[in-house]
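Worksheet for the structure shown next.
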Amino acid sequence: MNKAITDGLVFMPPQFAVDTLGQWSRGDGTPGSDTYASLPSAAFVPADQDFGGCLEIQKTTSTQKLRYMGQTPLPTGCYLRITARVKCTGGALPTVRIAAWAGNAGGNAVTGIDLTGPQVTLQNYGEIVEVTAIVGAGDRGGVDMVWGNEPIYGHFGLDLTGPNGGVVRIDDIEIEDVTGVFLRDMLGWVDVRDYGAKGDGSTDDTAAFVAADNAANGRRVLVSAGTYRLAQSVTMNSRVVFEGTLTMPTDAILSLTKDFSLPVYIDAFGGDEELAFKKAVQSLMNGADHESLDMAGRRVSITEPLDLQAAVPNRLFYAQRRVIRNGQLRAEGTTAWDKDVVTSAATYSASNDGKLTQVNNAANIQVGSLVEGAGVGREVYVRSVNVSAQEVTLSQPLSDAVGRQTYTFTRFKYMLDLSNFERLNVFELEGIEFQCNAVASGILLPPLGAINVIRNCVFNRPGDRGITSIGDGCQGMLIDHCQFLSNEGGLLSQNRTSIGLNTNANDVKIRNCRASQFRHFAVISGAHNILSGNHFFQGDDASNGTRSAGIVITTRACNTQITGNYIDNAFIEWTNEREPEPDYTGGFGFAGLSVTNNVMLASNVAPWFSHIVIKPYGSGHFVNGMNVSGNTFRCVQATMYRAERVDTTYAPLDLTRMRGVNFQGNTYHNIVSGGENPLRIQHSQNSHDATWEVDTLYRLPFEGYALDVESVVTRSRPRNPSNVSKFDMPYTLTEQGGQKDKVHLVWNEPMVGDVTVVVRMDK
């Protein structure tokens, strides 16, 4: 770059001549200073044998100054080289150096900068010595006078120092633009050092970065080698290339608006991937230029949980769509992933079912801890802790835990910890692999949030959990096309402890995911949920083996759709384990579950295994609205008694109150009793009897009672003992037999014949 060519600037001062000596000052070169015109100790020599025309000066002061009085411009980013050739012809031999006066935009002197170059002491009379110095904004190798960005012009010349009395001749002084020496690409780069950046790790270079960005005008900004401290937030609106590295306070934001991707942040922070990821997320959640952070396929190794709220300390709430996509987070094995376990006595009351009170050592209990104890359902977490009040707020109520007991609080460590945000809405993670390496868990959701999205992600070998909700941060959450790969594949199903995910709030959609060999794929609370297109399998190598629930529905009135899934060696378990007083006292009962068009496979299972299990935690419960249709139930290498059952560990269902149960259009293979309701039975009465007993053969769902008869249709001629046809209809008696699963057809007289009876186990 040469500003004399590109911008038409004039740097070169006039040659020495009789009529130009008035343009050369004996002072600083500022207007009104004394000149060399008519000075008895100075003269123009027109024909020196070495220089041609030159200026001859006799040194009479301790610092004999020579300055051009014209304002030589110094544009930002420009470097000038000042050169003078001198020789001593007599008297004492002086010392020579390039010198200058610097002026700012207001015409005032700029102080605190270098105004002189390297000095040379003349050694011999008649010997020509060249002195030179380079002046510019940047503290770069070869720059003798570092001026920063404040000076915009200078009065340049030289100084004679040392003993007085010497006579010195000075050739014409040259000033030339040498900016191109410092630029690698004369048109494509702007270096922050050219705008005053020191890169020494301690000086605040914020202003220099801003100035370089403002001057770039479409070019790239080069952060050349060095360590640059930015004490304040900086927004770079130009593309940036990092050879050097940055240091910044935690709350200072680096916004790279033209190069917003994780690899650039990694370059900016010297390869520190964890810090770069945090600073990139900080920028993402504090700027409007980008809706997503592209990890560009990079793997980021992390040695401790990433607390994203700590990385964005100015945000406790966030409700604008932001996305992190396309990369891998890898947990490196350190003690930072070790679980924290606390035991503490606490009191629980059904009238205050969302809290534990009178909690001992409340200060030691961490938000996000799993709560375990008698009467605690699965996947109950600490939502918040009030130390002064000795209270712990829970993510869900407990079941049958009223009173005081000792609880265990286990805090898993998550690769991405969002729990310190108070609310986080429409936050998305897409295409990220969480490589947990059996030491870390995946994602800890915020306590509040709506419509957060986890899409196309892989949770690889989580130590304990894939996705954990500790509150309502899962409201309306979408989990799509994710894989959950357990670390416990080699264990028997009943010995596994890891869980793919849990939810607490309503309207969750879990679609097209794949999960292998967890204790549970999903523990679902809340209502109005949809689980579709998923494939989860939980088998093991045991023969006649036990299997665990793949989906756990923890609320009675769940209004949940489970459709189009491949449920492999796992089952759907429906409970009311979120009720502090679990005996039925009112409400809908077990209501609103629809299980449709699923493929359900079991192999090598115990015969009592079932694909759909209702487990009441208290007495008096019944089903009041359930649809099971279009499913394929299949058992291989074993035979199952039935596809559905009631787990009576705590209590049975009240089979006299069943309502709205629809079991139709299902296919059963190697299952002894395929459930159907309404159940169509063909009965043939071959001996005359006034009472025909119609057996449902254990095919009523959940081994229900024969509560109602929808229809009785004769399929042949009803005949009395005289073989006379009788066309009067029988009446029905329901709930017959020891299991109350038979129906009696009562005729006016003994009859034989064939009928089709439609029986229901609900009303």
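The values are calculated or read from the model by the stated rules, or taken from the named source; none is laboratory data. Small disclaimer: the values here were computed from a predicted structure and weren't measured. Reconstructed Cβ throughout: ideal geometry from the backbone, glycine too, with neighbour counts over all protein chains shown.
Side notes on the structure shown:
- Strands (runs of 3 or more DSSP E) contained in the stretch 337-450 and holding at least 2 residues charged (D, E, K, R) and at pLDDT 95 or above: 403-411, 427-435
- Residue in the stretch 648-666 that is outside any strand (DSSP E or B), aromatic (Phe, Trp, Tyr) and either farther than 21 Å from residue 583 by Cβ or assigned by TED's automatic domain parsing to the domain that holds residue 591 (or both) present: yes
- Some residue of the stretch 572-584 being at positive phi and in contact with a His (Cβ under 8 Å, 6 or more places away or on another chain): no
- So residue 409, is it touching a residue at least 24 places away in the same chain (Cβ under 8 Å), among the hydrophobic types (A, V, I, L, M, F, W, C) and farther than 15 Å from residue 344 by Cα: no
- Residue 583 being under 22 Å from residue 400 (Cα atoms) and either surrounded by fewer than 18 Cβ atoms within 10 Å (Cβ to Cβ) or aromatic (Phe, Trp, Tyr) (or both): yes
- Against the test of being over 22 Å from residue 484 (Cα atoms), part of a loop (DSSP other than H, G, I, E, B) and among the charged types (D, E, K, R), the options 583, 540 yield a single qualifying residue, 583.
Let's see how each residue does on (1) of a type in the set (S, T, N, Q); (2) within 15 Å of the chain's Cα centre (by Cα); (3) crowded, with 18+ Cβ neighbours inside 10 Å:
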site: 445; (1), (2), (3): no, yes, yes
site: 457; (1), (2), (3): no, yes, yes
site: 465; (1), (2), (3): no, no, yes
site: 476; (1), (2), (3): no, no, yes
site: 489; (1), (2), (3): no, no, no
site: 498; (1), (2), (3): yes, no, yes
site: 510; (1), (2), (3): no, no, yes
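- Only a single item in (1) touching a Lys or Arg at 6+ places or on another chain (Cβ under 8 Å); (2) within 17 Å of residue 551 (Cα to Cα) is not met by residue 515, and it is number (1).
- Flag: residue 243 matches the condition of being surrounded by fewer than 20 Cβ atoms within 10 Å (Cβ to Cβ), within 21 Å of residue 143 (Cβ to Cβ) and of a type in the set (D, E, K, R).
- Candidate set: the stretch 525-553, residues that are among the polar types (S, T, N, Q) and within 19 Å of residue 479 (Cα to Cα); chosen: the one surrounded by the fewest Cβ atoms within 10 Å (Cβ to Cβ): 532
- Counting only strands (runs of 3 or more DSSP E) that fall entirely inside the stretch 150-207 and contain at least 1 residues that are of a type in the set (Gly, Ala, Ser), the qualifying elements are 153-161, 200-204.
- So residue 55, is it outside any strand (DSSP E or B) and either at pLDDT 95 or above or surrounded by 15 or more Cβ atoms within 10 Å (Cβ to Cβ) (or both): no
- All positions within the stretch 43-57 that are under 15 Å from residue 24 (Cβ atoms) and in contact (Cβ under 8 Å) with a residue 40 or more places away in the chain: 45, 53, 54, 55, 56, 57
- From the options 166, 162, 196, residue that is crowded, with 17+ Cβ neighbours inside 10 Å, in contact with a helix residue (DSSP H, G or I) (Cβ under 8 Å, 6 or more places away or on another chain) and in contact (Cβ under 8 Å) with a residue 24 or more places away in the chain: 196
- Among the residues making up the stretch 510-533, those that are part of a loop (DSSP other than H, G, I, E, B), modelled with pLDDT of 95 or more and within 22 Å of residue 590 (Cβ to Cβ) are 525, 527, 528, 529.
- Qualifying strands (runs of 3 or more DSSP E) (wholly inside the stretch 69-135; at least 2 residues being touching a helix residue (DSSP H, G or I) at 6+ places or on another chain (Cβ under 9 Å)): 80-90
- Qualifying positions in the stretch 226-239 - over 24 Å from the mean Cα position of the chain (by Cα) and within 17 Å of residue 270 (Cβ to Cβ): 226, 227, 228, 229, 230
- Checked against the criterion of being hydroxyl-bearing (Ser, Thr, Tyr), assigned to a loop (DSSP other than H, G, I, E, B), within 24 Å of residue 425 (Cβ to Cβ) and touching a residue at least 24 places away in the same chain (Cβ under 8 Å), the stretch 489-499 has no qualifying residue.
- Flag if residue 129 is among the hydrophobic types (A, V, I, L, M, F, W, C), crowded, with 21+ Cβ neighbours inside 10 Å, more than 60 Å from the chain's Cα centre (by Cα) and not assigned by TED's automatic domain parsing to the domain that holds residue 208: no
- Qualifying residues in the stretch 610-630 (those that are in contact with a Phe, Trp or Tyr (Cβ under 9 Å, 6 or more places away or on another chain) and more than 17 Å from residue 556 (Cβ to Cβ)) - the one surrounded by the most Cβ atoms within 10 Å (Cβ to Cβ): 611
- Residue count, the stretch 707-724 (criterion: surrounded by 11 or more Cβ atoms within 10 Å (Cβ to Cβ) and either without any contact (Cβ under 8 Å) to a residue 12 or more places away in the chain or under 15 Å from residue 688 (Cα atoms) (or both)): 5
- Counting only strands (runs of 3 or more DSSP E) that sit completely within the stretch 590-642, those holding 1 or more residues that are on the phi > 0 side of the Ramachandran plot and not assigned by TED's automatic domain parsing to the domain that holds residue 377 correspond to 591-596, 624-629.
Condition check ((1) under 19 Å from residue 339 (Cβ atoms); (2) more than 20 Å from the chain's Cα centre (by Cα); (3) surrounded by fewer than 20 Cβ atoms within 10 Å (Cβ to Cβ)) across all residues:
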| position | (1), (2), (3) |
| --- | --- |
| 381 | yes, yes, no |
| 389 | no, yes, yes |
| 392 | yes, yes, no |
| 397 | no, yes, no |
| 406 | yes, yes, yes |
| 414 | yes, no, no |
| 420 | yes, no, yes |
| 424 | no, no, no |
